[in-house]
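Following: one structure in structure tokens, then a few remarks.
The values are calculated or read from the model by the stated rules, or taken from the named source; none is laboratory data. Because the structure is a prediction, the values reported are computed rather than measured. FYI the Cβ positions are ideal-geometry reconstructions off the backbone, even for glycines, and counts take in every protein chain you see. Side chains are part of the model used for accessible areas, which takes the heavy atoms of the whole protein and leaves out ligands, DNA and RNA. Shrake-Rupley method; radii C 1.70, N 1.55, O 1.52, S 1.80 Å.
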Amino acid sequence: MHSCLNQKKPAMALFLALLLLALSGSSSSAAARASDHGDDYMIVAMSSLKLKSACLGHRVTPPLNSTWMPLDLMDGPCSSPSSSSAGAPSIDELLRRDQLRADEIQKRLSHNVGDDEANGPANSKVTQVNHLAKIKVELGSRKPAKTTASQLGIHPAATVGGGAGSGTLLPGVIQTVVLDTASDVPWVQCVPCPVPPCHPQTDTFYDPTNSGSYAAFTCSSSACRQLGPYANGCANNQCQYRVTYPDGSSTSGTYSSDLLTLNPTTMVNNFQFGCSHADQGNFDSQTAGVMALGGGPESLISQTASTFGRTFSYCLPPTASYVGFFVLGAPGVAASSSKYVVTPLLSDNRSPATFYRVLLRAVTVAGRRIAVPPAAASAGAVLDSRTVITRLPPTAYAAVRAAFRDSMRMYPAAAPKGSLDTCYDFRGIRSVILPRVTLVFDRDAAAVELDPSGILFNDCLAFAANRDDRMPVILGNVQQQTIEVLYDVDGGAVGFRRNAC
């Protein structure tokens, strides 16, 4: 990972000294620190961490893969034209929602709570965290005559029946869905869906009555019987589902199937999903539902296992001004490639199958290694695409914070923001000298250096503390930014490829 850096090491001190002359607000102590410890620090332009007014597209050429799909972050210029950052929550509100999600994930991973409590508070009035990754899909199909568009989608060239009179199925409606690695049941809002109890959405509502390939599961169907904790009874001989998320939000409706189109070359027949007629929690209007990527049998990953082998990856961009990607199936670059840092997936029959966990051994800050307490390390670190800020055991967090503050003592401190207690006033400063931060996983060679956008969030250190050292680490999506995270579930491994988007 550091081969290029090592080759340039002899010139690093001189390079930093010359560059620092041009930096606004740099101090002599900062120059000395960067010069003395060049490999442990990096110079970061503050403008690279700020949201731009226009969408700048891909920073890196996307991978060559037939199932590739563009991915963007909520409330940014790359989002839908009708969306606006004016409706985005404040940083304090975003962090409050994020804490709710982290708390409920911890409850579900605890072995001493009941199922109802573990699935989240049924009557919580909370909202989605808005620093979310989302993709656009199509669901359903419509016939060319006497039928109007309204489905999650099908490719225009698809046909049914095969005979001269069978007809060509036309595209359905595009639906924007949030990627969620900590849930199992995919869903979108379906007509009838009055607002409330449904949430308003900018996408056209999916109407199952207009689809030529839609079917609701009967109460006696195997799909309904296998819903387990997500089963919610029967209505008019149609299987009902309910999902409560870690942040307390929920969705309920009819468990159904239809044709899902991810891109012009990738379709999933009889895709099983929740046809939601009610949700709770004030979901964002930019999204129509959730694309569940968890380890349970209902998720997109499990449903497509025979074709794609329970393998997927994504890369979240550094800011909402850029576009990332989502890939179903093996990436263009083999997981065994040296471009990936690979660590094993943990398996524990006592924990929900939903979660993907890895073993985080340590965090390094400016070359200082800070170990994760054994109790927390053994519990595993949950990879979550919807939690924003990474949660560390308090002992490890205190040490990470101390090392970071020591490395940043040349910059004026600012007031804390919610759960982020190490913030800075960078006004008037064009570039900062930032300590390198690395996550060290099982097999110490599995070390992943974070992008600057994964270290600072709203000018604060992008980590927070759990309530005690026994609680599992949660690896949030800020730390995953610019890194392709590859989940090889059948192979029992997770790969990380830096600078992927």
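Values as computed for the structure displayed
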{"quantity": "L64 vs. criteria closer than 21 Å to H131 by Cβ, aliphatic (A, V, I, L, M) and modelled with pLDDT of 50 or more", "calculated": "no"}
{"quantity": "Subset of segment 453-501 (residues that are out of contact with any helix residue (DSSP H, G or I) (no Cβ under 7 Å at 6 or more places or on another chain), open to solvent by 30 Å² or more (accessible area, probe 1.4 Å) and within 24 Å of A45 (Cα to Cα))", "calculated": "D459, R497, R498, N499"}
{"quantity": "Selected residue (only one of L450, L434 is open to solvent by less than 10 Å² (accessible area, probe 1.4 Å), touching a Pro at 6+ places or on another chain (Cβ under 7 Å) and modelled with pLDDT of 95 or more)", "calculated": "L434"}
{"quantity": "Long-range neighbours under 6 Å by Cβ, at least six apart or interchain, first residue under 12 Å from V173 (Cβ atoms) and touching a residue at least 12 places away in the same chain (Cβ under 8 Å) within segment 202-223, second surrounded by 15 or more Cβ atoms within 10 Å (Cβ to Cβ) and of a type in the set (D, E)", "calculated": "S211/D258"}
{"quantity": "Selection within segment 300-334 - hydroxyl-bearing (S, T, Y) and assigned to a strand (DSSP E or B)", "calculated": "T311, S313, Y314"}
{"quantity": "Complete set of residues in segment 205-234 that are assigned to a strand (DSSP E or B), touching a helix residue (DSSP H, G or I) at 6+ places or on another chain (Cβ under 9 Å) and crowded, with 17+ Cβ neighbours inside 10 Å", "calculated": "A216"}
{"quantity": "Failed item in (1) under 14 Å from the mean Cα position of the chain (by Cα); (2) within 16 Å of L179 (Cβ to Cβ); (3) polar (S, T, N, Q), with T311 passing the rest", "calculated": "(1)"}
{"quantity": "Subset tally (residues that are open to solvent by less than 20 Å² (accessible area, probe 1.4 Å) and modelled with pLDDT of 85 or more) for segment 98-123", "calculated": "6"}
{"quantity": "Filtered residue count, segment 275-286, keeping only those that are open to solvent by 10 Å² or more (accessible area, probe 1.4 Å) and part of a strand (DSSP E or B)", "calculated": "4"}
{"quantity": "In segment 359-418, residue nearest to H131 (Cα to Cα) [restricted to those that are open to solvent by 10 Å² or more (accessible area, probe 1.4 Å) and among the polar types (S, T, N, Q)]", "calculated": "T364"}
{"quantity": "Residue within segment 235-245 that is touching a residue at least 60 places away in the same chain (Cβ under 8 Å), among the hydrophobic types (A, V, I, L, M, F, W, C), open to solvent by less than 30 Å² (accessible area, probe 1.4 Å) and in a strand (DSSP E or B) present", "calculated": "yes"}
{"quantity": "Residue match in segment 260-274 (condition: over 16 Å from G228 (Cα atoms), out of contact with any strand residue (DSSP E or B) (no Cβ under 8 Å at 6 or more places or on another chain) and open to solvent by 10 Å² or more (accessible area, probe 1.4 Å))", "calculated": "yes"}
{"quantity": "Residue satisfying all of: in segment 359-381; among the β-branched types (V, I, T) and at pLDDT 95 or above; farthest from L450 (Cα to Cα) among these", "calculated": "I370"}
{"quantity": "Residue within segment 379-387 that is more than 30 Å from E298 (Cα to Cα), in contact (Cβ under 8 Å) with a residue 40 or more places away in the chain, outside any strand (DSSP E or B) and not small (G, A, S) present", "calculated": "no"}
{"quantity": "Looking only at segment 69-97, and only at residues there that are surrounded by 21 or more Cβ atoms within 10 Å (Cβ to Cβ) and modelled with pLDDT of 90 or more, the one that is farthest from A54 (Cα to Cα)", "calculated": "L95"}
{"quantity": "Any hit, segment 194-211, residues being touching a Pro at 6+ places or on another chain (Cβ under 7 Å) and of a type in the set (G, A, S)", "calculated": "no"}
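A quick yes/no check of all residues on (1) within 24 Å of Q303 (Cβ to Cβ); (2) surrounded by 20 or more Cβ atoms within 10 Å (Cβ to Cβ); (3) modelled with pLDDT of 90 or more:
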| residue | (1), (2), (3) |
| --- | --- |
| G140 | yes, yes, no |
| T148 | no, no, no |
| T159 | yes, no, no |
| V185 | yes, yes, yes |
| V191 | yes, no, yes |
| D203 | yes, yes, yes |
